[in-house]
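In what follows, a structure is listed as structure tokens, so that the remarks can point back to it.
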Amino acid sequence: MKAKEYIKHLLSVESYSFSLEEIAEHTGGKTTSLKFELARLVSKKEIINLRKGFYLIIPPRYSKLGQIPIQLYIDKLFSYLNRKYYLGFYSAAKFHGAGHQQSQREYIMTERPKLASINKKTFDIGFFTTTEWPGKNIVWKKSDAGYFKISSPALTAVDLIHHQSKLGGLNRMLAVLEELAEETIPDDIADLLSWYPHKSSLQRLGFILEETGADKSLSNRIKNHLRQSKFFPVLLSPGPGQKAGAAANFWKVDINMSLESDL
């Protein structure tokens, strides 16, 4: 079987990616000659070399875009990399119906060491890492190519808040946070509270839920959790060289910016 025939087979079973090792195994091709064959297909824009040794297939219906949706290959990519992952931030928000802030970039959380961002013409993928891998709050979604992992609404929201300085700031994401709150259930918050390590981000999340008029059962869960131990003043929007002062709210959030949603 030639490389092109194997690629055609993959498309017939709704698979849109492959590794160099995989295609070599199924075609019996020598690595050097196979690389030349794949390079020809890359030049014809039938496939894309996303990362070293990992390729995406661009079927005719996506040829004008020059890319395929991330849900069609993300699980296979991270199986190839042998790493934990979940689709997060604005990318996950879209799957939860919080698509107010459309982003051309895709965002993935993975384990350390951090992966280099992918910037290839129509592909723009940013990677984040976390010090403590979630024990809960990762959910499976189904795509045409199978299942893939994304953060739950609660984890998506707190990840956005925790990494706000790298994602355009709170006001850019505020409308998304409001939409995510509508999709969040109390059990999702309870799961988050059972393992999430960053108390300051939980304080900000609770404050924002309360300020934006979200279901009180969500913020009340966080309140009850925070009451169980000491917590200290935090800035709503952390900045270099700034320290939180006294705050006249339960959350001890020093409001150093105006919240302005464009919803």
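The values are calculated or read from the model by the stated rules, or taken from the named source; none is laboratory data. Keep in mind the model is a prediction, meaning the values are calculated, not measured. Positions of Cβ are generated from backbone atoms using ideal geometry, with glycine treated the same way; all protein chains shown enter the neighbour counts.
Whether any residue in the stretch 78-87 is in contact with a helix residue (DSSP H, G or I) (Cβ under 8 Å, 6 or more places away or on another chain), buried (at least 21 other Cβ atoms within 10 Å of the Cβ) and among the hydrophobic types (A, V, I, L, M, F, W, C) is what I want to check. Within the stretch 78-87, one or more residues are in contact with a helix residue (DSSP H, G or I) (Cβ under 8 Å, 6 or more places away or on another chain), buried (at least 21 other Cβ atoms within 10 Å of the Cβ) and among the hydrophobic types (A, V, I, L, M, F, W, C). Working carefully through the options LYS35, LYS30, LYS45, find the one that is surrounded by 12 or more Cβ atoms within 10 Å (Cβ to Cβ), at pLDDT below 95 and either in the same structural domain as ILE118 (by TED's automatic domain parsing) or over 26 Å from the mean Cα position of the chain (by Cα) (or both). Result of the check over LYS35, LYS30, LYS45: LYS35. For MET109, the conditions (1) within 25 Å of GLU14 (Cβ to Cβ); (2) under 15 Å from the mean Cα position of the chain (by Cα); (3) crowded, with 17+ Cβ neighbours inside 10 Å; (4) not small (Gly, Ala, Ser) are fulfilled apart from (1). Does at least one position in the stretch 92-103 carry a residue that is part of a strand (DSSP E or B) and either of a type in the set (S, T, N, Q) or more than 22 Å from TRP195 (Cα to Cα) (or both)? There is no residue in the stretch 92-103 that is part of a strand (DSSP E or B) and either of a type in the set (S, T, N, Q) or more than 22 Å from TRP195 (Cα to Cα) (or both).
One line per residue, one yes/no per condition, for (1) among the aliphatic types (A, V, I, L, M); (2) at pLDDT below 95; (3) in the same structural domain as SER200 (by TED's automatic domain parsing); (4) farther than 30 Å from SER43 by Cα:
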{"site": "ASP75", "(1), (2), (3), (4)": "no, no, yes, no"}
{"site": "GLN101", "(1), (2), (3), (4)": "no, yes, yes, yes"}
{"site": "SER151", "(1), (2), (3), (4)": "no, no, yes, yes"}
{"site": "ASN171", "(1), (2), (3), (4)": "no, yes, yes, yes"}
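When LYS141 is tested against (1) touching a residue at least 40 places away in the same chain (Cβ under 8 Å); (2) within 12 Å of the chain's Cα centre (by Cα); (3) part of a strand (DSSP E or B), only condition (2) is not met.
This table checks each residue for (1) touching a residue at least 24 places away in the same chain (Cβ under 8 Å); (2) touching a strand residue (DSSP E or B) at 6+ places or on another chain (Cβ under 7 Å).
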position: TYR16; (1), (2): yes, yes
position: LEU34; (1), (2): yes, no
position: ASN49; (1), (2): no, yes
position: ILE58; (1), (2): no, yes
position: ILE68; (1), (2): yes, yes
position: ILE74; (1), (2): yes, yes
position: SER79; (1), (2): no, no
position: ILE108; (1), (2): yes, yes
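Number of residues in the stretch 100-126 that are under 24 Å from ARG172 (Cβ atoms) and among the acidic types (Asp, Glu) equals 2.
Answer yes or no as to whether GLU260 is without any contact (Cβ under 8 Å) to a residue 60 or more places away in the chain and charged (D, E, K, R).
So GLU260 does not fit the description; no.
Which one is farthest from MET173 (Cα to Cα) among residues in the stretch 127-145 that are buried (at least 18 other Cβ atoms within 10 Å of the Cβ) and touching an Asp or Glu at 6+ places or on another chain (Cβ under 7 Å)? Residue satisfying both the conditions and the ranking: ALA145. Condition check for SER194 on (1) touching a residue at least 40 places away in the same chain (Cβ under 8 Å); (2) touching a strand residue (DSSP E or B) at 6+ places or on another chain (Cβ under 7 Å): one failure, at (2).
Please determine whether any residue of the stretch 110-129 is closer than 20 Å to PRO238 by Cβ, free of Cβ contacts under 8 Å to residues at least 12 places away in the same chain, not hydrophobic (A, V, I, L, M, F, W, C) and not in a strand (DSSP E or B). Looking for residues that are closer than 20 Å to PRO238 by Cβ, free of Cβ contacts under 8 Å to residues at least 12 places away in the same chain, not hydrophobic (A, V, I, L, M, F, W, C) and not in a strand (DSSP E or B), one finds none in the stretch 110-129, hence no. Residue count for the stretch 4-38 under the criterion of being more than 24 Å from ILE70 (Cβ to Cβ) and not charged (D, E, K, R): the result is 10.
Screening LYS64 against (1) crowded, with 22+ Cβ neighbours inside 10 Å; (2) free of Cβ contacts under 8 Å to residues at least 12 places away in the same chain leaves a single unmet condition, (1).
The single condition among (1) under 20 Å from ALA145 (Cβ atoms); (2) in the same structural domain as THR131 (by TED's automatic domain parsing); (3) buried (at least 18 other Cβ atoms within 10 Å of the Cβ); (4) not polar (S, T, N, Q) that TYR90 does not meet is (1).
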